[in-house]
Each structure stands twice: as structure tokens, then as C-alpha cells.
Amino acid sequence: MIEASGLRKTYGDFAAVVDSDFAVDEGEVFGIVGPNGAGKTTTLKVLAGLVEPTDGEVTVAGFDASDPEMRRHLGFLPEESPLYEEMTALSYLRFFADLYDVPREVADERIGAALDRLELDHRERRLGDVSKGMKRKVAIARSLVNDPDVLVYDEPASGLDPVTTNSVLAFTRELRETGKTVVFSAHNLYHVESVCDRVVVMNEGRIVA
């Protein structure tokens, strides 16, 4: 489902990712753990088609990661997910479903199912008036509106309280049961070990374990 071979990304003289090779099978939850500056976020942005690699080959769901068509098969959750705070959760998610040309009836079914599984209430409340944990859950639901085959989550539980963290991690485990392929990063080794089928460790741009 995902293959990276000789992945390298440099910014001037700085190498953010160095000669990384890995593969993720369909339906697998794959974790990347490491300290700040290890190269996790850059790697995920390459997978999501947001950053062009300097060298190497990356394919996602059968497409080159730079192919715009690939993005129709992928849901991406960045570490920071600013929302349109004047919108409600429901109107925000419908807006993104429209961007993917998802029919309204289908979109509402997907949105309702995601919000139910994430235990997110107050769907008609302005996003500017809800907690950080609720905003994170809305961002996760946004990643699912196009029913992607692959989900790439950057620090999905970052900065959340313990209850919300456990809810987000449990939801990530459930995604595996629906056949989704998930790649996500974390600083906390417990977070990835509790969810993932396999884990790699990055440091200074390299996969070291």
C-alpha cells in the first residue's frame, strides 16, 4: 500500500530525511516514533504529497506520492490543524466533503458515523467555542470524509488530556478493523506501541530501529 525507497529530503545543507526505506501493508497500522527534529513530520508530508522528496521513490495506494490523484485516496491529519472557527463541526465537515465531490447523503452518513465513533457531541456549536480535544476529533473526522484507503496522522494525540488521548488512540485501532492503512507519528512510544502493528524509530533523519 505504501513503499518508500531511498527517501531523502534536504533543505539546503540540512538533511531532514536520509535514505529511508520502508513499506506498509494494506490494513496495517504503522508507527514512527522519535524526538523533535527526527524527520517524522517531513516523512509524513512526503507521503501526503505535500513535500517533494529530494531523492528516492514513494508510492501510496498505487500512485506516485506527487500525483494529485493520490490525494483522493488519502486522509491527512497535520500536527496543528487550524479549523474555520466560525463554522460548526457539521458545516465544516460538509464543506470538505463538497471539495471531494461527495454526494450530500453519502457525506452526511460518513460524517455522522465518524462523529458517533469519536463520541463528539455539540455538532452545531461554533468550532471557536469548543475544546482543543473536540477540535482534534473534528480534524480526524475531516480526514475520513473522502473514505480514503490510507490515513497519515502526525501526532494525533499531541497536547490532549488523558481521556481524549485514549479516545483518539482507540479510534485509530478501530480504523484497522475497517481495512484502512494508517501511518502515524508520536513522541510517546507508549502511544504507538499500544496501537501499531509495527513501529520504526527515527533520529536525525534516519530510521535507526
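Values as computed for the structure displayed
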quantity	calculated
Matching residues, segment 137-172, being assigned to a helix (DSSP H, G or I), under 24 Å from Gly39 (Cβ atoms) and at pLDDT 90 or above	Ala139, Ile140
Condition met for Val208 (modelled with pLDDT of 85 or more, surrounded by 14 or more Cβ atoms within 10 Å (Cβ to Cβ), among the β-branched types (Val, Ile, Thr) and in contact with a strand residue (DSSP E or B) (Cβ under 7 Å, 6 or more places away or on another chain))	no
Top-ranked residue in segment 72-111 [being in contact (Cβ under 8 Å) with a residue 12 or more places away in the chain and of a type in the set (Gly, Ala, Ser); ranked as surrounded by the fewest Cβ atoms within 10 Å (Cβ to Cβ)]	Ser81
Complete set of residues in segment 178-209 that are of a type in the set (A, V, I, L, M) and part of a loop (DSSP other than H, G, I, E, B)	Val195, Val208, Ala209
Any hit, segment 21-32, residues being crowded, with 21+ Cβ neighbours inside 10 Å, modelled with pLDDT under 95 and over 14 Å from the mean Cα position of the chain (by Cα)	no
Only one of Leu120, Leu175 that is of a type outside the set (S, T, N, Q) and assigned to a helix (DSSP H, G or I)	Leu175
Selection status of Phe63, of a type in the set (A, V, I, L, M, F, W, C), closer than 29 Å to Val163 by Cβ, surrounded by 13 or more Cβ atoms within 10 Å (Cβ to Cβ) and free of Cβ contacts under 8 Å to residues at least 24 places away in the same chain	no
Residues of segment 166-179 classified as in contact (Cβ under 8 Å) with a residue 12 or more places away in the chain and over 22 Å from Val201 (Cα atoms), total	5
Residue count for segment 4-60, restricted to those that are assigned to a loop (DSSP other than H, G, I, E, B), of a type in the set (A, V, I, L, M, F, W, C) and touching a residue at least 40 places away in the same chain (Cβ under 8 Å)	3
Residue list for segment 175-198, filter: closer than 18 Å to Asn36 by Cα and surrounded by fewer than 22 Cβ atoms within 10 Å (Cβ to Cβ)	His187, Asn188, Leu189, Tyr190
Subset tally (residues that are under 16 Å from Ser167 (Cβ atoms), in contact (Cβ under 8 Å) with a residue 24 or more places away in the chain and exposed (fewer than 13 other Cβ atoms within 10 Å of the Cβ)) for segment 118-130	1
Pair list, Cβ under 6 Å, 6 or more apart: segment 146-165 residue among the small types (Gly, Ala, Ser), other residue crowded, with 19+ Cβ neighbours inside 10 Å and modelled with pLDDT under 85	Ala157/His191
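The values are calculated or read from the model by the stated rules, or taken from the named source; none is laboratory data. Note that the coordinates shown come from a computational prediction; the quantities given were computed from them, not determined experimentally. All Cβ positions, even for glycine, are placed from backbone atoms using ideal geometry, and neighbour counts span all protein chains on display.
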